[in-house]
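Written out below as C-alpha cells is the structure these notes cover.
What follows draws every value from the coordinates through simple rules; no lab data is involved. Worth saying up front: this structure is predicted, and the values here are computed from it rather than measured. Every residue, glycine as well, gets a Cβ built from its backbone with ideal geometry; the counts of neighbours run over all protein chains shown.
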Amino acid sequence: MARSEKTSSGSEAAPGSARVVVGLGANLGDPRATLAAAVEALRALAVPGTDFALSSFWRSAPVEAAGPDFRNAVAAFDTVLAPHALLDALQAIEQRFGRERPYRNAPRTLDLDVLLYGVRGSDGGLVRADDRLVLPHPRAHVRAFVLEPLAQVWPAGSLPGRGSVIALRDAVRAAGEQRLERLED
Ligand code: ADP
Ligand code: MG
C-alpha cells in the first residue's frame, strides 16, 4: 500500500522515488530572485505531498570562477526522475533562466548540480560516473557553499568515501579559506 505521510529530510523516500540533493548557485542578474524562482521550478520535480527541504540562502565568493558573489542554496526532495532524467530537467531549468556556457566556470545566471542521488538515512546514495554525470558531485565535499547549506537540510548525512556532512563542514570552516555568509531567512 502506498504511504502518503510526509517524509523527513534524509529519511526514506516515498515508494518508487529517490531522495535527491540539488545545489543551486547564481551570480548574474538578480541572483536572489533567480534562486527563489529556481526553487519553485525544483518543487515541480518533487513528488507531491513529500518533504521538500530548503536551506537558507548563502552568499559566497566565486571559487575558480569570475564575477560577482554567488547566492547559493541546497534543496533535498523526493523525485521519480532517474539520475540522467533529473540532470536533463535541471539543465532545462538552467536554460529557462538564460544560462550560457561560453567557457568552463564562466559566470552564470543559474547553476543546478545533482549533489547526491538516492540518499537514505545517513547514506549518501549512488556512487557512479559517466560522461555526463558524476555522483556524488565531485567537488561537493570541499565547497563551503555546498557543505554549510547541506548541513542545514541533512545534518545526519554523509558523503560516500568522504565522511559526515558535519565533519566536512567543520573542516572547511576550520580552513577558513572560503568567504561565506548566511543571508537573512
Ligand atoms: P559546474 O557545475 O561544475 O560549475 P557546469 O554546470 O557547466 O559546471 O557543468 C558541466 C558539466 O558537468 C555538465 O554538462 C554535466 O554533464 C556535468 N556533470 C557531471 N556531474 C554532474 C553533477 N553531479 N551535477 C551536475 N552536472 C554534472
Ligand atoms: Mg553545474
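Once both labels are modelled 7 Å past Cα along the beta-carbon direction, what's the Asp88-Leu183 spacing in nm?
3.2
Go ahead and set up a Gaussian network model of the chain, Cα springs under 10 Å, then flag whichever of Gly25, Gly118, Gly49 fluctuates most.
Result: Gly49 has the largest fluctuation of those listed.
Rounded to the nearest 500, what is the 222 nm mean residue ellipticity of the chain from helices alone, with -39500 (n - 2.57) per DSSP H run of 4+ residues and division by all residues?
Per the formula, -8000 deg cm²/dmol.
For the chain, what is the convex hull (Cα atoms) projected area averaged across all directions, in square nanometres?
So the mean shadow area of the Cα hull is 10.2 nm².
What is the spin-label model distance, in nm, from Val39 to Arg96 if the labels are put 7 Å beyond Cα along the C-beta direction?
About 1.6 nm, to one decimal.
Given points 7 Å out from each Cα along the Cα-Cβ axis, report the Ala175 to Ala61 separation in nanometres with one decimal.
1.4
Between Ser164 and Val80, take the C-beta separation as r, use R0 = 22 Å, and let me know the FRET efficiency to the nearest 0.05.
0.20
Going by C-beta contacts inside 10 Å, put Glu64, Glu12 in order with the fewest on the left.
Taking fewest neighbouring Cβ atoms as first place, the list is Glu64, Glu12.
Restricting to Cα atoms and excluding each atom paired with itself, what does the Kirkwood estimate give for region 35-98 in Å?
The answer is 13.2 Å.
Using alpha-carbon positions, what is the distance between the centroids of region 116-149 and region 49-77, in Å?
If we compute the Cα centre of each part, the gap is 15 Å.
Dipole of region 3-177, Cα-centred, from +1 at each Lys and Arg C-beta and -1 at each Asp and Glu C-beta, to the nearest 20 debye?
Roughly 80 debye for region 3-177.
I need the peptides 157-165, 67-75, 141-149 ranked by packing, meaning the mean over residues of other C-beta atoms within 10 angstrom, with the highest value on top.
Order by mean packing, descending: 141-149, 67-75, 157-165.
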